Each structure stands twice: as structure tokens, then as C-alpha cells.
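The values are calculated or read from the model by the stated rules, or taken from the named source; none is laboratory data. As the structure is a prediction and not an experimental result, all values here were calculated from the model. Every residue, glycine among them, receives a Cβ derived from its backbone with ideal geometry; neighbour counts consider all protein chains shown.
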Amino acid sequence: MQTRIVKINDPSAQREEIEKAGELIRRGELVAFPTETVYGLGANGFDATACAKIYAAKGRPSDNPLILHVADRAMIDLVAAEVNDTAEKLLTAFCPGALTLILPKSGRVPPKVTGNLSTVGVRWPDNAVARALIAAAGVPIAAPSANISGRPSPTTADMTAADMAGKIPLILDGGNTRVGVESTIVDCSARVATILRPGGITREMLAEILGEVRLDPGLERADAAPKAPGMKYRHYAPKAPLTVFCGKSERMEDFFLGQAQKLQNAGKRAGILASREVADAVRRILPSERVFAYGTQGNLTEIARNLYAGLCYFDNCAVDLILAEGVTETNLGLAIMNRLQKASGGRVIEIGEFKNDSISQTL
């Protein structure tokens, strides 16, 4: 299959291309498209056969539900049997935006979309291309991230094409995504809203609207099963093994310099994913092409936007392992660290507790 990539600068001025994409969705085909978080791989959310193509293209586990994307508030009532007061408050405060609400599903939603659950994830994206596509299709669009399952999510059309070219007929290129990590998933079915996946809408932001907001136990304890089925799977991982190091920002530069030097001396080709401050220091030791700066230290918005690009970057470098600088788990940092923990397979180490002379001994 040949995959077309169509640049969309202004969806209102490119109605013909948007309408063609909507027609593909109605015909049961897959279309990749930008949202404000990451690129999605979309199919008709009311068509079980079309949604099955998503699972096949991604290699996605069949019990990992799909999120339904809607163009407006009215479309939510097509996919949700009920929208309670908690959900209404969040819709008013944050939607359209980087938020997915878990609601009781309507009878129109196929079991294939929900992994046979009685609930459905609903998202109203804040991206003009995404909303125009959904409106043109005239149906909610089921859309996980447009990558091979387990790999870093794409934040550009080129990253999408790297995984999906030859598998789908069309990619809508809307440029770089603004947020860079997936939407926050909030379960609204209980008395207290529960975050199942941290994302662009932070716990602190949610608490301002709702008061108490809980984290799913699977986000806080490694031994707890996450409530969201998809969160039990390996995600976001680069090809080389990744280890994340956390600690006080003022200690990071010396720590990474020391580790980079020891690994270099041991003949290990290390890649460094870190803040601009740490990256600039490490470039004194390592070749520049093995260092990726994800943003200024402490600028969580910038780091989130560049995180997946950094993880993908090292797949095109000859590295044996990757060292990543962690961030504080407040505000958007909770989502960033969730992705790094998944990408590393749980290899997250506090530098104050790190005893080995070199991490090459641990990998």
C-alpha cells in the first residue's frame, strides 16, 4: 500500500483534502492525523471491522481499549450513555483539550473499541485538523497513537510515517504537536475522580476544579495492577536499553559527566537524553550526535514536547545504552516520568542511592 502524506496548514482552506480524509474514515480505512498531544491512528469508531485494522497495523493487544475522539459536545452523547456532574465539570473546564474521560458507553460503541468493557474513553481534542477530520467523517474516530505498539508515540508526520508508511493510505501532516505526551485519562465513574494515565492536563489542574483527585494505584506502586488495561503494557521504548536517573538538578551535570566518561573508557557507546545544561556539559566528552537535549532544565512544557522525539532519535544512532535525566514528579513532570518509567522498563534510579562505579555493570 502506498501512503500519501498531505500537509494541512489551514483545514478551513483545505476542505477538499479534509473531506477526502473523512470519506476514507467512513469507508473503513485508517487515517493518521495530528492532535495537540501526539499523532493518532484513526478509524470509524462505530465500525468494529475498521477498528480491527488499528490493532493489526499497530500490533496492539486486543484488550487495550481505543479512545473515541469527537468533534464537539453533541457527539459525546452519541458514544456515552451518561455524562455525570464530575465529567461535565471537566468538560467545561478543559475541553476541547488534552483530556480523556472514562464514561459508561452507549449501545452504539462496538465491544472491539472498549476491549469488552462497559465504559469508553472519550476525548474532544483541541486541534483544528483533528476536529475538522472528525466533523468531515461524521462519526467519532477511534484513535490510539500512530506508532507500532510499545514504541515512542509520534509527534510529527515523519515519526508517524516511520512506523505506518505502507500500512495505511493517508497521513495528515499538521506539523509538530503542541503538548507532546498523550492526554490525561480520568475515570469519572466513582465518587472521587481517578487519574488512570497522567498527561497534558495535570493533577494540580484537575484538583482546582474537583478538589480531591486520586491517582490509580498502578501509577504509584509497581506491584499494583493498573485499572486502565493499556497501562500494563510496555510503552514508549527505544531500541537501546534506557536507564533514568533522578536527583537534584544541581547534581545532574557532574553525575552525567562522570558516568559518560566511565562508559567511554569502558568502550560503551552511551546516548544521553537530558536537559540542555547537562547535554552541553556531556558534549565535552561524547560525540555531539550521541547527545539529545530535550529542553531547558525545569521547563516541563518544553521537555514534554520533545521527549518522544528524543527517544526516537537514538534509534538512528549507534548506541549500546541510553542514560536519561529524570524530572520532578509535579505538574507535567508526573506525565514525563510516567513515560520515562515505561520506556525504561522501570529502570529509574535516584543518584543519591547509586553505588556502582559505572552503569555498564548493571546492563
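Given the criteria crowded, with 18+ Cβ neighbours inside 10 Å and either assigned to a strand (DSSP E or B) or modelled with pLDDT of 95 or more (or both), does Thr49 qualify?
no
Without any contact (Cβ under 8 Å) to a residue 60 or more places away in the chain, of a type outside the set (A, V, I, L, M) and under 14 Å from Gly180 (Cβ atoms): which single residue out of Gly333, Gly298 fits that description?
Gly333
Which one of these is at pLDDT 95 or above and surrounded by 19 or more Cβ atoms within 10 Å (Cβ to Cβ): Leu78, Leu101?
Leu101 is the lone residue from the list that is at pLDDT 95 or above and surrounded by 19 or more Cβ atoms within 10 Å (Cβ to Cβ).
Considering only segment 149-184, how many residues are at pLDDT below 95 and either of a type in the set (Ser, Thr, Tyr) or within 23 Å of Thr114 (Cβ to Cβ) (or both)?
2
Tally the residues that are under 15 Å from Ala71 (Cβ atoms), not basic (Lys, Arg) and not in a helix (DSSP H, G or I), restricting the search to segment 101-143.
Selection size over segment 101-143: 11.
Do the conditions hold for Pro61, that is, is it surrounded by fewer than 20 Cβ atoms within 10 Å (Cβ to Cβ) and in a loop (DSSP other than H, G, I, E, B)?
yes
Determine which member of the set Tyr313, Tyr294, Tyr308 is in contact with a Gly (Cβ under 6 Å, 6 or more places away or on another chain) and of a type in the set (Ser, Thr, Tyr).
Tyr294
Right, Glu289: over 20 Å from Glu350 (Cα atoms), surrounded by fewer than 19 Cβ atoms within 10 Å (Cβ to Cβ) and in contact with a Gly (Cβ under 6 Å, 6 or more places away or on another chain) or not?
No: the conditions fail for Glu289.
Specify the residue that is surrounded by the fewest Cβ atoms within 10 Å (Cβ to Cβ); the eligible residues are those in segment 255-281 that are within 16 Å of Val327 (Cα to Cα) and not aliphatic (A, V, I, L, M).
For segment 255-281, the residue satisfying everything is Arg276.
From the list Ala318, Ala279, Ala293, Ala304, exactly one residue is over 29 Å from Gly218 (Cβ atoms), in contact with a helix residue (DSSP H, G or I) (Cβ under 6 Å, 6 or more places away or on another chain) and in contact (Cβ under 8 Å) with a residue 12 or more places away in the chain. Which is it?
Ala293
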